Amino acid sequence: MNANNILETIKMIEEEKLDIRTITMGISLLDCIDSDGDKARAKIYDKITKSAENLVKVGEQIESEFGIPIVNKRVSVTPISLIGGATNETSYVKFAETLDKAAASLGIDFLGGFSALVHKGYTKGDKILINSIPEALATTNKVCSSVNVGSTRCGINMDAVKEMGEIIKRTAELTKDTQGLGCAKLVVFANAVEDNPFMAGAFHGVGEAERIINVGVSGPGVVKRALEKVKGGSFDLVAETVKKTAFKITRMGQLVALEASDRLGVPFGIVDLSLAPTPAVGDSVAHILEEMGLEVVGTHGTTAALALLNDAVKKGGVMACGHVGGLSGAFIPVSEDAGMIDAVLNGSLNLEKLEAMTAICSVGLDMIAIPGDASASTISAMIADEAAIGVINNKTTAVRIIPAPGTKVGDMVEFGGLLGRAPVMTINKYSSFDFIQRGGRIPAPIHSFKN
């Protein structure tokens, strides 16, 4: 390292909002399975609290010693549907409460893994967990939930898609005192990944090690500032600038990941390269796209700009890190990005354009508020559309939609913190009810058969 590199890093942190968005410890709960629910929950609490007892302390030590902000310390666990399925219980709310208690004891920000993987069908545990989601999210503070309803290899489970529309509506109703905040902790996936460090979709996959450290980096402000220096340059120069910047950001992420791994005695898993915005000024993915020459995000050319950004981030980051994983790209959560919020408010960005952008970005329709009277079948149809984009394009897509009770188009839903605020967006007025009622499975695409 030389003085210029050190000064550049300090500037990135102090002026351009560079941070480590999360250190997430993944923990396997497979050895906690027990036919007695109370015994299983006791094992779960003990394993989580012992495995991650030093996570927050180590995160704070690294933050202090290296001067690198670490915004969140989180835990992900084996999908609880796999653990609860061994019991005869008819609700898994108590499992969620145990997870919440463990999270509070550790002092972490969120705990993910109240999850089910139903892309090809349901087990008993899957059905019970999904039915437990609304009450679980209404009675806990730190627990996050996810359900995978499709994959490129299996197609889309439309029975699960139908049910998740209903679950989201029930979750919104049970958390109406906070404008449907429970829905902000619930993600519906296609092609979910096992090593995602970001919430609300993180869970610890069954193919993962006993424990693992995954890190998510973030630096939209750094990328925007770098592009300000090449204003008017060709797209070749833009791509090269983003690659070089992503390389620097990811090197810092790997440094923190390896340091945390060593101090905790837990293997290093992956660094997720995703550019994750916050509501803070100067920390917006939308503003990066506008720096490329768009008057405002949402206008024609937005999808092409996002494609360049997403690809260049991956190319630069992969060269900087031994193990890249998770989602790794650019997030476009409306409520968490000041530029996205402004674009919705001025009418340049709508759901249809966001859907097009999700064919390119890391995830999907994320942190979007819609009118509280939106029907369950409409929400299910939105999930189906996103799942189709993911399945056909062999990428992860997701829906985190908030039908905020009592709101109408043009209202503003305030969540606070990193979740930000969401303008209530217009949805298509025509019905998808008969389409959703069909049920069954949409078959896997022909190009999924590669053996």
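The values are calculated or read from the model by the stated rules, or taken from the named source; none is laboratory data. For clarity, every value in this text was computed on a predicted model and none was experimentally measured. Backbone-built Cβ (ideal geometry, glycine too); neighbour counts: all protein chains shown.
The condition of being in contact with a strand residue (DSSP E or B) (Cβ under 9 Å, 6 or more places away or on another chain), more than 24 Å from SER431 (Cα to Cα) and surrounded by fewer than 24 Cβ atoms within 10 Å (Cβ to Cβ) holds for LYS176. Elements of the type strands (runs of 3 or more DSSP E) sitting completely within region 349-425 and holding at least 3 residues that are modelled with pLDDT of 95 or more, in contact with a Gly (Cβ under 6 Å, 6 or more places away or on another chain) and at negative phi: these cover 397-404. Which of the residues belonging to region 58-79 are assigned to a helix (DSSP H, G or I) and surrounded by fewer than 18 Cβ atoms within 10 Å (Cβ to Cβ)? Within region 58-79, GLU60, GLN61, SER64, GLU65, PHE66 qualify. How many of the residues making up region 128-181 are part of a loop (DSSP other than H, G, I, E, B) and among the charged types (D, E, K, R)? Count: 2. Only residues that are touching a helix residue (DSSP H, G or I) at 6+ places or on another chain (Cβ under 7 Å), of a type in the set (A, V, I, L, M, F, W, C), closer than 24 Å to THR175 by Cα and free of Cβ contacts under 8 Å to residues at least 60 places away in the same chain were counted in region 117-162, giving 10.
Name the one entry in VAL206, VAL297 that is part of a loop (DSSP other than H, G, I, E, B), among the hydrophobic types (A, V, I, L, M, F, W, C) and buried (at least 24 other Cβ atoms within 10 Å of the Cβ). Walk me through it before giving the result.
On the way: VAL206 fails: buried (at least 24 other Cβ atoms within 10 Å of the Cβ).
The unique qualifying residue is VAL297.
Every listed requirement among (1) more than 25 Å from ILE332 (Cα to Cα); (2) assigned to a strand (DSSP E or B) is met by VAL215 save one, (1). Each residue in region 436-451 was checked for being of a type in the set (A, V, I, L, M, F, W, C), at pLDDT 90 or above and loosely packed, with under 13 Cβ neighbours inside 10 Å, and 1 pass.
Among the residues of region 322-343, just one is more than 20 Å from the chain's Cα centre (by Cα) and buried (at least 24 other Cβ atoms within 10 Å of the Cβ), namely ALA343. Within region 272-291, which residues are crowded, with 22+ Cβ neighbours inside 10 Å and not in a helix (DSSP H, G or I)? If the condition is that a residue be crowded, with 22+ Cβ neighbours inside 10 Å and not in a helix (DSSP H, G or I), then ASP272, LEU273, SER274, LEU275, ALA276, PRO277, THR278, ASP283, SER284 are the ones that fit. Looking at this structure, is ILE212 surrounded by fewer than 24 Cβ atoms within 10 Å (Cβ to Cβ) and either in contact (Cβ under 8 Å) with a residue 40 or more places away in the chain or touching a helix residue (DSSP H, G or I) at 6+ places or on another chain (Cβ under 9 Å) (or both)? Taking the combined requirement at face value, the residue satisfies it. Of all the criteria given as (1) part of a loop (DSSP other than H, G, I, E, B); (2) modelled with pLDDT of 95 or more, the one not satisfied by ALA200 is (2).
Checking each residue in region 218-243 for being of a type in the set (Lys, Arg), at pLDDT 90 or above and assigned to a helix (DSSP H, G or I) picks out only LYS243. Applying a threshold of 8 Å to beta carbon distances and a minimum spacing of six or more residues, or different chains, the list of pairs starting in region 430-451 at a residue that is in contact (Cβ under 8 Å) with a residue 12 or more places away in the chain and ending at one that is surrounded by fewer than 13 Cβ atoms within 10 Å (Cβ to Cβ) and not in a helix (DSSP H, G or I) is empty. When VAL256, VAL297 are screened for being of a type in the set (A, V, I, L, M), in contact (Cβ under 8 Å) with a residue 40 or more places away in the chain and farther than 30 Å from ASN54 by Cβ, only VAL297 passes.
Residues in region 300-314 include at least one that is surrounded by fewer than 20 Cβ atoms within 10 Å (Cβ to Cβ), in contact with a Leu (Cβ under 8 Å, 6 or more places away or on another chain) and outside any helix (DSSP H, G or I). I'd like the full set of residues that are at pLDDT 90 or above and among the basic types (Lys, Arg), limited to region 245-276. Selection gives ARG263 alone.
The condition (being of a type in the set (Lys, Arg), at pLDDT below 95 and either touching a helix residue (DSSP H, G or I) at 6+ places or on another chain (Cβ under 8 Å) or outside any helix (DSSP H, G or I) (or both)) is satisfied by just one residue among LYS17, LYS11: LYS17.
Taking the stated definitions as given, is PHE114 without any contact (Cβ under 8 Å) to a residue 40 or more places away in the chain, under 21 Å from the mean Cα position of the chain (by Cα) and closer than 26 Å to ALA52 by Cβ? Walk me through it before giving the result.
Working: without any contact (Cβ under 8 Å) to a residue 40 or more places away in the chain: yes; under 21 Å from the mean Cα position of the chain (by Cα): yes; closer than 26 Å to ALA52 by Cβ: yes.
Against the criterion (without any contact (Cβ under 8 Å) to a residue 40 or more places away in the chain, under 21 Å from the mean Cα position of the chain (by Cα) and closer than 26 Å to ALA52 by Cβ), PHE114 qualifies.
Scan region 385-402 residue by residue and report those that are of a type in the set (A, V, I, L, M, F, W, C) and buried (at least 24 other Cβ atoms within 10 Å of the Cβ). Correct list: ALA387, VAL391, ALA398, VAL399, ILE401, ILE402.
From the list LEU99, LEU82, the one residue that fits, being assigned to a helix (DSSP H, G or I) and either in contact with a Leu (Cβ under 7 Å, 6 or more places away or on another chain) or over 26 Å from ILE133 (Cβ atoms) (or both), is LEU99.
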